[in-house]
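Read the structure below first, then the notes.
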Amino acid sequence: MLLAAAVLAAVFVAATTHARKPPAAGASGGTPAVAAPAPVVVTELGHRLLGATGSWELFGLAGGEVVRIQPAQGRITRTMIPPLLSTGPVSFLAGPGQVIIRPLDFVPGYLVPDGRPGRELRGVLGNGGPVFPGPAPGQVWVPAGSGDHVSLSLARMDGTTLGASFPVPGGDSALMAALADGGGYVLVPGAGGWYDARLGAFHLVAVGAVAAVGPTRWLAVECHGKTHCAPVVIDSASGARRILPGNALPWWHAGADIFPGTISPDGSTAAVFGTGNAGTPTLHLIDLTSGADDQLAVQGSPGAGAMAWSPDSRWLFAAASPGQARTLIAVNARTHRAADLGVTFPQVSQVAVEAPQPDNGRQPRQAPDDSRKRLIPPPGTSASDDHQVLPELTCKCWHFPLTKPHGSLVTRHSTSP
């Protein structure tokens with residue numbers, strides 16, 4: 001492994017770098033001004049990274065720059081951006097040919113086109129607030145309104161609107177806690193659990209806390225009282241539910257404040273952050289069939305947008321904890337071992353992956369109620385609960401019995417005091 005890393009590092013040193021620099025300026029009769037850093041620097045490594053063969057791309061938000069990694073092409077593009085005028089949360093989303101960086105606070109955000117200098121966000125993206133991936137490539141959901149009257153409107157990444165929108169029950173407080181559902185819409189907290197919010201539908205899908213989300217599955221932790229909890233795997237298309245065997249997520253108890261993880265595109269594995277014996281963050285891969293939980297020998301940095309999967313589910317990428325040898329972690333999903341990219345750049349705080357997809361002019365439609373697969377309501381709820389507009393609760397543990405198919409009660413002792 002050390003030899004391979006050294007070889008990669010040596011190749012990187014010898015790689016070809018193309019810097020697009022602005023011309024240096026100097027005052028007449030004075031000493032020449034020091035040239036500003038090149039806004040875009042492209043490095044050709046001369047070899048593939050991670051054995052990748054597809055055309056997907058990995059993006060990292062690293063201090064005052066966006067790092068674009070094209071593994072199959074062996075190309076690294078680093079684009080400088082102005083310092084963000086906020087230290088708060090940031091939405092970092094990748095789309096076809098571009099990424100956007102939008103702070104939650106009402107300060108400027110940036111759009112960074114591939115290979116070109118960034119510019120400030122415009123149109124409906126010119127204000128602060130969370131942004132969520134939309135149902136088609138290059139589309140995002142942008143909040144509108146305030147207080148108890150908030151909606152999500154569909155827009156392009158250039159800030160132009162597309163017309164579609166839907167209300168967010170619970171207003172600002174629910175929106176600030178909402179999660180991308182992995183399929184182009186959002187999961188919103190409310191009384192009794194989490195709801196899948198989309199055009200023309202608002203379904204209760206999880207009674208408890210959301211532990212991880214992905215394109216085909218969600219992982220929730222649902223509790224009976226405050227001491228008996230179990231992880232539940234939910235099919236995001238049908239709502240079908242099953243209890244995950246094993247002893248996964250033992251640290252996730254009522255009131256636990258942990259960032260939700262991410263589920264691989266093939267639905268096989270969840271990557272989640274946990275807490276170790278000393279309270280330090282730990283990174284886990286959980287098999288969503290067997291329930292096997294493997295704590296990785298790396299330290300990630302928990303946070304929104306801190307992890308992303310490659311489209312083929314072979315690699316998990318995570319922002320490393322400050323002070324680690326690597327600033328970006330690449331974990332092989334089969335071996336559960338970290339690989340060295342052989343590339344050095346500043347500390348990465350968020351990651352995103354973009355895989356080229358045909359758009360085909362897709363637009364979301366206001367579908368009639370019977371056009372969507374019927375979701376199976378969680379235990380202890382009725383089918384009529386699906387569309388209720390309910391006030392938000394902060395408790396993450398709900399009182400209902402969890403049952404296996406044969407009807408026996410499932411119990412798990414929580415680690416909460």
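What follows draws every value from the coordinates through simple rules; no lab data is involved. Computed from a prediction, not measured in an experiment: that's the story for all the values here. FYI the Cβ positions are ideal-geometry reconstructions off the backbone, even for glycines, and counts take in every protein chain you see.
Working out 0.36 nm times the residue gap between THR216 and ARG48, then minus their Cα-Cα distance, what length gain in nm do you get to one decimal? If you can, show how the numbers build up before the last one.
Working: separation 168, 0.36 × 168 = 60.48 nm, distance 2.92 nm.
Answer, rounded to one decimal: 57.6 nm.
Quote to one decimal, in nm, the extra length available between ASN247 and PHE106 on full extension: 0.36 nm per residue of separation minus the C-alpha distance between them. Don't skip to the end; give the middle numbers.
On the way: separation 141, 0.36 × 141 = 50.76 nm, distance 4.23 nm.
Gain on stretching ASN247 to PHE106: 46.5 nm.
Ranked highest first by the average count of other Cβ atoms within 10 Å around their residues, in what order do 319-328, 272-281 fall? Let's see the in-between values first.
Working: 319-328: 16.8, 272-281: 14.0.
Highest to lowest by the protection proxy: 319-328, 272-281.
Per the Kirkwood treatment, what hydrodynamic radius in Å, one decimal, follows for segment 39-357 from the mean inverse distance over all distinct Cα pairs?
Working: mean 1/r = 0.0500 Å⁻¹.
Evaluated over segment 39-357, this radius sits at 20.0 Å.
Would you mind calculating the gained length between SER290 and LEU199 on full extension (0.36 nm times residue separation, minus the Cα-Cα distance), in nm to one decimal? All intermediate terms of the calculation are to be shown ahead of the outcome.
Numbers: separation 91, 0.36 × 91 = 32.76 nm, distance 3.44 nm.
Computed gain between SER290 and LEU199 is 29.3 nm.
For segment 185-338, report the % of Cα-Cα distances exceeding 29 Å. Write down the numbers at each step before the final one.
On the way: 1689 of 11781 pairs.
Distances greater than 29 Å cover 14 percent of the Cα pairs.
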